[in-house]
Structures are given as C-alpha cells and as structure tokens.
Amino acid sequence: MMGSGLVKTLFLLAAALLLALPHGPALAKPGDVEKGEAIYAMRCLQCHGKEGDGLGPAAERLNPSPRDFTLGLYKIISSAFDADLPNDEDLFRMVRDGMPGTAMPGWSDMLSDQDMWDVIAYIKTFAELEGEPEGQVDYGAQVKSSPESIAAGKKLFLAGDRCTECHGVEGKGDAIKKLKDDNGERTWPRNLTKPWTFRASNDPKDIFTRISAGIPTTQMPSFADPKSKKKLSIEERWNVANYVASLAKTERVVRPENTVIQAARIEGELPASPDDPAWDNAPPSTFFMVPQIVVGPRFFKTANDTVSVRALYNEKNVSLHLEWDDRTKSIPGDANAQKVSDEELAEDAIAVQFPRKIPYGMEKPYFLMGSAVKPVNLWRWSSGTTQKPQSVALIDASGIGAQQIRETSAGLTATGSYKAGTWRVVMTRPLTTGAVDKDLQFEEGLFIPIAFFTWDGSNSEAGLRHAMTTWYWLLLKPSQGARPMILAIIVTLLIGGILIWWGRSAAARSEDEAS
C-alpha cells in the first residue's frame with residue numbers, strides 16, 4: 001500500500017492539473033458555420049434579419065434595436081478599447097446569458113454549448129471577423145470593495161462631470177444632454193441604481209470592464225484611453241467600479257412574491273409631502289411596468305420600467321406614496337426639457353387604478369381601463385407645464401376610449417416632487433365618499449385591487465402610449481387595538497359554551513340509553 005504522504009502528494013498534483021485546465025466556454029469545440037446558419041435562421045433571424053443587419057421583422061418593435069452584426073461591433077467586450085475584435089468568449093456570454101433590459105434572451109435553456117458556438121461562428125461571417133483581438137482589458141490588482149474604496153470612487157465619479165454628465169449626480173441616468181448611438185438612434189444613460197438592467201452584471205469586475213473598454217457604438221467612452229482627459233488609472237477604475245456597485249437600490253427591488261401593498265394605520269395626520277421622512281416607515285412594494293401593446297396606438301418603447309408604492313391611512317383618509325425613476329423632468333414649454341426630449345414633449349404623469357367596488361371573489365375588472373360591466377376609477381397626477389401647475393384628476397373609466405374626467409374630485413389631492421432623476425408623488429383621498437355608486441369605498445382588512453400607469457413626457461408618451469402594470473393588491477391592515485382581543489375572547493367563550501352544551505347533551509343521551 002502507498003504511504004499516506006504519497007497519496008496526499010498525488011492528490012495535490014491532480015488538483016493542480018484540474019485547476020490548470022481551461023473551464024467553461026474554452027472547452028467547447030470550434031463552431032460549425034453551416035450548423036450555425038440553420039440555428040440562426042430558426043432562433044435569431046426574426047430580430048437580427050436575414051443579412052444580420054438588425055432589420056428583422058420584429059426590429060421596429062424592439063427597444064433598444066437588435067444588434068447589427070455587419071458592423072462587427074459589440075457592446076459587452078473584454079478586449080481592449082482599441083482592439084479590432086471582440087473575444088469569442090464575450091459573444092458566447094451574450095448568447096448564453098442574454099442582454100438584460102433588452103429583448104435578447106439567454107439561450108442556455110434551449111441551445112447546447114456547441115450550438116451556441118456554431119451560431120457564433122456564423123454570426124462572425126456577417127462582418128468577416130477572423131483571428132483574435134490584439135489587446136485585452138488590463139485588470140491589474142483588483143481593489144476589493146470597502147468604505148474607503150467606495151468613497152474614493154464617489155469622488156472620482158463626481159469630479160469634473162466625468163460620469164455625472166450622463167449618469168447624473170446620484171447615478172440615475174438623468175441626462176443633461178440628448179444622446180444618440182452610432183446609428184443616430186436615441187439612447188438613454190444607464191440608471192446605475194437598477195443593476196438588474198445592466199447588460200452584463202453589476203459585479204465590480206464587469207463594471208470595471210465597461211469603464212475600461214467603453215461600450216462601442218454608444219457614447220460611453222473608455223477611461224483607459226491614454227488620450228482621454230478623463231483617463232483613470234487601474235486603481236481608480238476599481239474604486240469607481242466599487243462605488244457604482246454600491247448604488248444598487250436593495251430596498252426597492254422587484255420581488256415577484258410581493259403582490260400586496262400593506263397600508264398601516266397611524267394616528268394623527270398623514271404625511272402630505274412626498275419627501276416627508278415619515279414615509280420611510282412604510283415598507284415599499286415595487287412592481288415591473290410593461291409597454292401598452294394591447295391596443296393601438298401600441299407603444300413598444302416606454303422609458304419607465306418600475307414603480308414603488310407605499311401606503312398609510314388614518315381614521316379618515318388613505319394616502320399612497322408613488323415613486324418612479326424618470327431620467328427627465330418633462331415640463332412642456334421649458335427650454336431645458338425640450339433639449340433632451342423627443343419632438344412630442346408631453347407632461348410626465350402617473351395614474352392609480354381601482355375598481356369602483358371591492359370584488360368579493362377573484363374576478364377583477366379588465367386591467368386596461370375596466371369595462372362597461374366593471375368600471376374603474378383612475379387617480380391621475382400630471383407634472384404640469386410652464387403655463388399651468390401640476391394637477392390631479394379623478395377619472396371614471398368604463399373601457400378603453402371611454403374615460404370621463406369628473407368635475408369634482410371626491411376629496412382627492414396630490415402633490416409631486418422631482419429630484420435627481422426620481423419623481424415622488426403623494427395621493428390622498430377620504431376612505432369613504434358620498435358617491436357610493438361611483439367611488440371605491442375603502443375598508444379595513446379587505447384585499448383591494450390596484451394597478452398603475454406611467455407616462456414619460458420626454459419619450460413622447462401620452463394617451464395610450466404608456467407603461468402599465470397588471471392588478472396587484474392594497475390591504476388596509478386593521479389596527480392592533482383591544483377590539484381583536486375582545487372578539488377573540490367572545491369567540492372562545494362561545495365555542496367553550498357550545499362544547500359544554502354538547503358534552504352535557506351527549507352525557508344525557510348516554511344515561512337515557514343505559515336506562
């Protein structure tokens with residue numbers, strides 16, 4: 001038998017050999033162009049087009065537009081900023097994982113690794129890409145995230161409009177200039193507080209790569225370029241990457257299991273200002289928003305993608321705190337707003353939708369403006385123009401195209417504030433109104449359907465051109481006073497009395513039967 005020392009040595013040698021072997025995509029065989037062409041025709045042509053020029057049948061409905069493979073330029077690269085080619089591994093990753101925030105899905109659940117290498121081999125023929133890139137991103141020694149690194153990165157981020165010119169002071173992408181890509185199409189700076197929209201990931205190494213290589217075809221430059229006045233050293237780029245990663249909104253992320261907005265009951269006045277710190281005590285519920293593509297005019301390129309909602313109520317009123325990121329403050333008539341907007345500048349707006357009556361089953365009104373059988377109420381706030389202030393309206397809707405603004409608002413009020421790329425709006429209404437047949441009457445302890453619509457005026461959104469959600473729920477949580485305890489005691493006594501009566505009756509019957 002071999003000695004334990006020899007066994008240990010052989011084990012360590014085997015482990016070292018395994019670690020030295022290439023992993024993941026590098027193990028794949030070279031792609032087969034002919035097989036890749038067949039896969040492309042089945043899976044990719046609808047968006048990227050027969051000629052690979054990004055002009056497939058679905059292209060006009062996609063935002064951003066599909067990649068034009070004939071250019072040979074790709075956004076997510078790890079080769080050097082001045083390299084002529086991407087790494088094959090970069091292309092593999094995009095096909096495997098997809099591109100978050102776009103219509104490009106990850107294909108790993110439908111294609112094998114070899115299938116993906118085959119389709120990559122075919123895609124490269126559109127731009128006649130051959131060989132390997134000459135340079136790679138230099139990662140140097142990674143700087144681990146720490147309070148010191150994040151503070152240093154923040155200072156660099158804010159210095160001299162290096163990053164804030166496009167991404168804004170708080171990283172929300174609230175641009176001060178209108179951006180276009182190399183094709184002349186409108187582009188928006190990334191909202192760095194929403195890491196789930198990053199085309200790669202929000203891992204500091206991926207962020208470092210974007211800072212170093214830039215994003216080809218966009219206005220995101222390379223900060224490793226020695227000719228740039230804004231050039232950063234490797235250490236500085238790591239610090240900026242750590243700072244950007246720290247901007248993630250961990251308290252306002254979408255959790256699919258969270259479908260209920262829970263409103264707590266408070267004593268005294270409800271906070272009227274959207275910026276009142278009292279709202280921090282109400283937990284937010286965040287929901288995805290999708291483009292309105294149900295009816296014409298369909299709009300596939302909405303700008304808003306989430307809305308966060310908080311709720312509080314007291315003995316008289318209920319208040320909703322609505323928060324959503326919007327890169328531009330859209331005020332028609334304002335010259336600065338017009339500079340960064342599309343031609344059809346409109347007001348920013350948000351609407352909350354309720355059924356007129358709380359359904360006591362699972363059936364709810366049609367989610368898009370209700371119907372004649374099941375009408376809805378809309379609470380709509382608008383940002384205003386240079387000629388009129390922000391406003392709120394109560395709208396009765398009984399279907400698409402059947403909306404009527406009510407002359408009186410049933411006590412509904414609203415106020416909004418805009419700061420650093422974010423709108424915050426508070427809407428307040430009495431729990432009950434005199435118009436029982438027209439208005440929803442709020443009740444404690446019941447699940448009330450609620451849905452949302454938003455309009456980004458700088459993105460030409462108006463009318464049925466908007467983002468929206470499906471139905472969710474609002475729950476006015478009953479106050480925790482003595483009443484529930486009293487009711488519980490009463491129920492317990494009743495059950496106890498019934499059990500005693502039942503026991504005595506059973507005993508009496510047994511005695512009768514025995515006699």
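Net charge of the neighbourhood of Y366, taken over other residues with C-beta under 15 Å away and scored Lys/Arg +1, Asp/Glu -1, is +2. Could you tell me the center-to-center distance, by alpha carbons, between the range 232-264 and the range 298-325 in angstrom? Taking the Cα centre of each part, the range 232-264 and the range 298-325 sit 20 Å apart.
Once the chain from N281 to E315 is taken as fully extended at 0.36 nm per residue, the excess over their C-alpha distance is 10.4 nm. Computed over neighbours whose Cβ is under 12 Å from that of I77, the net charge equals -2, Lys and Arg +1, Asp and Glu -1.
When only alpha carbons are used to place a centre, the range 110-128 and the range 387-430 end up 51 Å from one another. Pairs from the list K154/K231; K249/K301; K155/K231 with a Cα-Cα gap above 18 Å: K249/K301.
Computed about the Cα centre, the dipole magnitude for the range 147-246 is approximately 200 debye when only Lys and Arg (+1) and Asp and Glu (-1) carry charge, each at its Cβ. Given Cβ point charges of +1 (Lys, Arg) and -1 (Asp, Glu) and nothing else, what value in debye, to the nearest 20, does the dipole of the chain about its Cα centre take? The dipole magnitude comes to about 1160 debye.
Candidates L71, Q114, G98 compared by Cα position along the dipole of the range 23-126: farthest toward the positive end lies G98, with charges placed on Cβ.
In straight-distance terms, cross-link reach from K144 covers every one of the aspartates and glutamates whose alpha-carbon lies under 19 Å from its own, apart from those fewer than eight places away in the same chain; here that gives D203, D206, E235, E236. For the range 98-150, the gyration tensor built on C-alpha atoms gives an oblate shape. Its axis ratio a/c (a ≥ b ≥ c) is at least 1.5, and a/b is not larger than b/c. Normalised by the residues of the range 56-173, what does the relative contact order come to in percent, with Cα pairs under 8 Å and at least six apart? So the answer I get is 25 percent.
Taking log10 I(q)/I(0) by the Debye sum over Cα atoms at q = 0.06, 0.08, 0.12 Å⁻¹ as calculated from this structure, the corresponding entry among (i) -0.41, -0.66, -1.18; (ii) -0.31, -0.56, -1.18; (iii) -0.38, -0.62, -1.21 is (i).
For the range 261-476, a crude dipole built from +1 on the beta carbon of Lys and Arg and -1 on the beta carbon of Asp and Glu, taken about the Cα centre, is about 400 debye to the nearest 20. Taking a sphere under 13 Å around the Cβ of L394 and counting the other residues whose Cβ falls inside, with K and R at +1 and D and E at -1, yields a net charge of +2. Estimated from helices alone, the mean residue ellipticity of the chain at 222 nm is -8000 deg cm²/dmol (sum of -39500 (n - 2.57) over DSSP H runs with n ≥ 4, per residue).
Hey, which lysines would be in cross-link range of K357, C-alpha to C-alpha under 27 Å, not counting anything within fewer than 8 residues on its own chain? Filter leaves K316, K374, K438, K477. Here the contact order of the chain, divided by its residue count and restricted to Cα pairs under 8 Å and six or more residues apart, works out to 12 percent.
Bear in mind that the values in this text are calculations on the coordinates, not laboratory data. Predicted model, so just to flag it, every value in this text is computed and none were measured. Glycine gets a Cβ as well: all are built from the backbone with ideal geometry, and neighbour counts include every protein chain shown.
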